[in-house]
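Take a look at the structure set out below.
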Amino acid sequence: MAEWLKTNRNNNSTVVPRHDSTMNRRYNHTKILLATLLIIALAISCKQKQTSETPPPPETDTVAEEIPPKDTTYRLSLLFAGDLMQHDLQFKMALQDDGTYDYSECFQYVKHEIESADIAVANFETTLAGPPYHGYPNFCAPDKYLVDCKAAGFDIMLTANNHTCDRRQQGLERTIRVMDSVGIQHLGTYLDTASFERNYPLLVEKNGFRIAMLNYTYAINGATVHAPNIVNRIDTAKISIDIEKAKSMEPDAIIAFMHWGVEYMLEPDAYQKQLADWLFRKGVSHIIGSHPHIVEPIEIRTDSITGEKHVLAYSLGNFISNSTRQGTYCGMTIRFDLEKDSTVRISNCDYSLYFVTHPPINGHKQFRIYPTTVPDSLLNFHEAYRKHITLDSIRPFLNEKNKGIYEREVEWNPSLIKL
Ligand SMILES: [Zn+2]
């Protein structure tokens, strides 16, 4: 490098040249050199401009960066709970001295399990029509019920059930608006056709997966759906169209949530079985049922050609309610994990049992959902009775009936003890 172009590294400034004859000669030579370099640079620039008019070569490096490594496997865990009911006693016990409502105690022993899933879904079988609140037969719960369900870990609520019109048009519409304002996803009922077209099927994108969800109910207790509201009813012609729309979304799985069956029946009826077969034939990947308020068997079906596994849960029972009929206070969650690389598959699938206790009997301030692993030493007589109905009656029934799926006991977390 020429002496006069050297940078003074000490003060980081350029050394000013001295104007003697030798330097002038060097300066002229440099000018010639710079001019030559400028001409070459312009020539290269013109060449590049001409080249840019032709199609650029494939940007192989950029594309390669966007494709995940070959050994990348995406994982997604899904958890499904049964009916979130809201009978009179539930909101009466949730009422606090200051007039607010609090349901957090209901979910405190199962919250860690619900939250641990990437996506948790439940059937929201009440309305949020505003006060006055009411239980059976025209359900209407405080908004805080939904807020606390969300806080418990639920991400998505199903609204197509036979109680969705319990508070007529105002109740249906307000329920949707409250869910939107609380920020919880929902499917099954819609304000109008435009909203339906925009939001249904519900496409959930998470962890690199695309899951399309469908939700239908067998009936709405004789109520009338007022235009422009939409309630998804079980109608195979309509469901066929929705399934095709779901397929066009190119999902990794299509899950149909069906509100069907006969209340308090431990076995699915012929219609449930036929409809399930039809849904699978049409391309639904998994079916999760609700409405009987009692658990019904689960099947894992394996496609004889592709080897793909399909979950069919006829009814998960009540997740929380004030139902007292035997078995209605026992519910289950079903959970499965999906893996995705060159294929999408179920890597694990199991179910867990719970029971609900209620305040007038157990002496606590709130209804509580307990996993079956709660130690007997922490339960009073009435709580223990419900636990052992679950273990001695429901568990053997499901052990016998469930095909290809096993129970997983939810770990009891001693730090959650609140007596
Ligand atoms: Zn129902």
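Selection of region 362-419 for residues being within 23 Å of Glu115 (Cβ to Cβ) and among the acidic types (Asp, Glu) yields Glu407, Glu409, Glu411.
Taking region 71-93 as the range and being part of a strand (DSSP E or B) and within 16 Å of the ligand (Cβ to nearest atom) as the test, the residues that pass are Phe80, Ala81, Gly82, Asp83, Leu84. Just the residues that are acidic (Asp, Glu) and touching a helix residue (DSSP H, G or I) at 6+ places or on another chain (Cβ under 7 Å), please, taken from region 374-399. Within region 374-399, Asp376, Glu383 meet the criteria.
Considering region 256-265, and only residues there that are buried (at least 23 other Cβ atoms within 10 Å of the Cβ) and touching a residue at least 60 places away in the same chain (Cβ under 8 Å), the residue that is farthest from the ligand (Cβ to nearest atom) turns out to be Phe257. You will find that of Pro268, Pro297, the residue that is under 16 Å from Gly327 (Cα atoms), away from the ligand (no atom under 16 Å from the Cβ) and modelled with pLDDT of 95 or more is Pro297 and no other. Looking at region 308-419, the helices (runs of 4 or more DSSP H) lying wholly inside it that each contain 3 or more residues that are modelled with pLDDT of 95 or more and out of contact with any Gly (no Cβ under 8 Å at 6 or more places or on another chain) sit at 395-401. Looking across region 300-328, the residues that are over 24 Å from Asp148 (Cα atoms), surrounded by fewer than 20 Cβ atoms within 10 Å (Cβ to Cβ) and either of a type in the set (S, T, N, Q) or more than 15 Å from the ligand (Cβ to nearest atom) (or both) come down to Ile300, Arg301, Thr302, Asp303, Ser304, Ile305, Thr306, Gly307, Glu308, Lys309, His310, Gln326. Applying the set (1) among the aliphatic types (A, V, I, L, M); (2) within 19 Å of Ala253 (Cβ to Cβ); (3) within 23 Å of the chain's Cα centre (by Cα) to Ile305 leaves exactly one unmet item: (3).
The residues of region 249-282 that are among the charged types (D, E, K, R), part of a loop (DSSP other than H, G, I, E, B) and over 28 Å from Asn207 (Cα atoms), listed by number, are Glu263, Glu267, Asp269.
In the set (1) among the β-branched types (Val, Ile, Thr); (2) out of contact with any Phe, Trp or Tyr (no Cβ under 7 Å at 6 or more places or on another chain); (3) surrounded by 15 or more Cβ atoms within 10 Å (Cβ to Cβ), the condition left unmet by Ile241 is number (3).
Restricting region 93-106 to residues that are surrounded by fewer than 24 Cβ atoms within 10 Å (Cβ to Cβ) and not acidic (Asp, Glu) leaves a set whose member that is farthest from Asp148 (Cα to Cα) is Gly99.
Only one of the numbered conditions (1) more than 16 Å from the ligand (Cβ to nearest atom); (2) part of a strand (DSSP E or B) is not met by Ala122, and that is (1). Against the condition within 29 Å of Asp269 (Cα to Cα), aliphatic (A, V, I, L, M) and surrounded by 22 or more Cβ atoms within 10 Å (Cβ to Cβ), how does Ile405 come out, does it pass? For Ile405, the condition - within 29 Å of Asp269 (Cα to Cα), aliphatic (A, V, I, L, M) and surrounded by 22 or more Cβ atoms within 10 Å (Cβ to Cβ) - is not met.
The values are calculated or read from the model by the stated rules, or taken from the named source; none is laboratory data. These numbers were taken from a predicted model, which means no experiment stands behind them. Note that we place each Cβ from the backbone using ideal geometry, even for glycine, and neighbour counts take in every protein chain shown.
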